[in-house]
Every structure is written in structure tokens, then in C-alpha cells.
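Notes follow once the structure below has been shown.
What follows is calculated from the coordinates using simple rules that are stated; it is not laboratory data. Not measured: the values here are computed from a predicted model. In this analysis, Cβ positions are derived from the backbone assuming ideal geometry, glycine residues included, and neighbour counts consider all displayed protein chains.
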Amino acid sequence: MHDSRDYAFEDERPDIHESARVSREATLVGDVTVEADASVWPGVVLRGDVEPVRIGRQAHVGDTAVLHASSVGENVMVGHGAVCNDAEVGDGALVGFNATVMGGSVGERSIVAAGTVVPEEYEIPPESFARGVPARVTPLAETSVDPETIFEDYSSGAYTHLAGRHDELFD
């Protein structure tokens, strides 16, 4: 049983899988689903009032991130301080620290660099690297970024394991 601040909105209550780790210092409102082995860290706000918020299996939402009316796929890492508003983040993607995704989508196995701003209705194709304000997109294959190392670091289950080691933070 988690001790987070979760609130109903128009009869919709957050649904948290028993193996998910949700910090007691996170706030979940309304139609929010957190799937198996996912983690939601301190200060996170997941607000499913206008539209649902979905956090996929083994996805991780870092400290102080805010997701409103957004969906995050499986094995996704949303970095500290990131904002996703009316956004869809595909499986295996990484949204960097303090990045903002506004009303668009991030394709599977794509990387949004720290501090990047993805404008409304902007589509980042699968296996792309987005950076800058506003975001500029380059196929990962055309960058010096080593996506396999990055994806291994964030999709290996290491963050799931780290969340499990925080006895008091998630009890």
C-alpha cells in the first residue's frame, strides 16, 4: 500500500499496480494508471483530469516531473523536472531532465535531450534524437549518441531495482 497523495476527480481514482513504486510525496489526481514495476519519484504530479495519464510497465518518472493528460509507454525514462502536457511517449524512449513535451509525440526508442522544448503537435519519429529550443530532430543513426548504451542504462531494470532499495521513500 502506497502513501502518496492520490485524489479522485469526478469518480475516477488512480489505479496503481501492486508492484509499482509510488513515492508518498507524489501527487496523483483522477484517471491515472501506473503499471507493474514502474516508479514515480518524489514531487511528481500525475494529473488525469482532462484526459487520462498512463505510466507503462517498468517506466520511471523522475523527481518533480509533471504529466498532464499524457501517456508514457513501457521502459520509458522521464527525467527529473520534465513536463509532458497532452503528450504521448513511445516505448523505450527517454525524456531528459527539464525537457518539455507539449501536445505532441515522442517515437519509440527516441531521446529528447535535457532542456529540450518539443512544441505542440510536433511529432518526433521513432529512433530519433531531439534537442534544442524548439526541438531539432536528427535520426539517432546520424548522431554520435550511442543509443544502445543509453537504452541499456535506462531499460535494464536498474531503476526498478533502485526504487526497490528505497524502503522508506516508497513504503
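The range 97-171 to the range 45-77: how many Å between their Cα centroids?
With the range 97-171 and the range 45-77 each reduced to a Cα centre, they are spaced 13 Å.
Sorted from largest down, give the three principal axis spans of the alpha carbons of the range 5-165, whole angstrom values.
Largest first, the range 5-165 extends 46, 34, 20 Å along its Cα principal axes.
Quickly estimate the mean residue ellipticity at 222 nm for the chain, helices only: each DSSP H run with n ≥ 4 gives -39500 (n - 2.57), and the total goes over all residues, rounded to 500.
My calculation for the chain gives -2500 deg cm²/dmol from helical runs alone.
Using the crude model of +1 on Lys and Arg Cβ and -1 on Asp and Glu Cβ, and no other charge, please compute the dipole size for the chain relative to its Cα centre, in debye to 20.
Dipole of the chain, to the nearest 20 debye: 460 debye.
Whose amide H sits under 5 Å from the amide H of GLU88, counting only residues 5 or more places off or on another chain, with H placed in the peptide plane?
The list, which skips near neighbours in sequence, is SER71, GLY104, SER105, VAL106.
Between ASP49, ASP63, ASP153, which gets the highest mean-square fluctuation from a Gaussian network model of the chain, Cα cutoff 10 Å?
Of the options given, ASP153 has the highest mean-square fluctuation.
Can you give the extra length, in nm with one decimal, that the chain gains between GLU123 and GLU12 once fully stretched, where that is 0.36 nm per residue apart less the Cα-Cα distance?
Net length gain for the segment: 37.0 nm.
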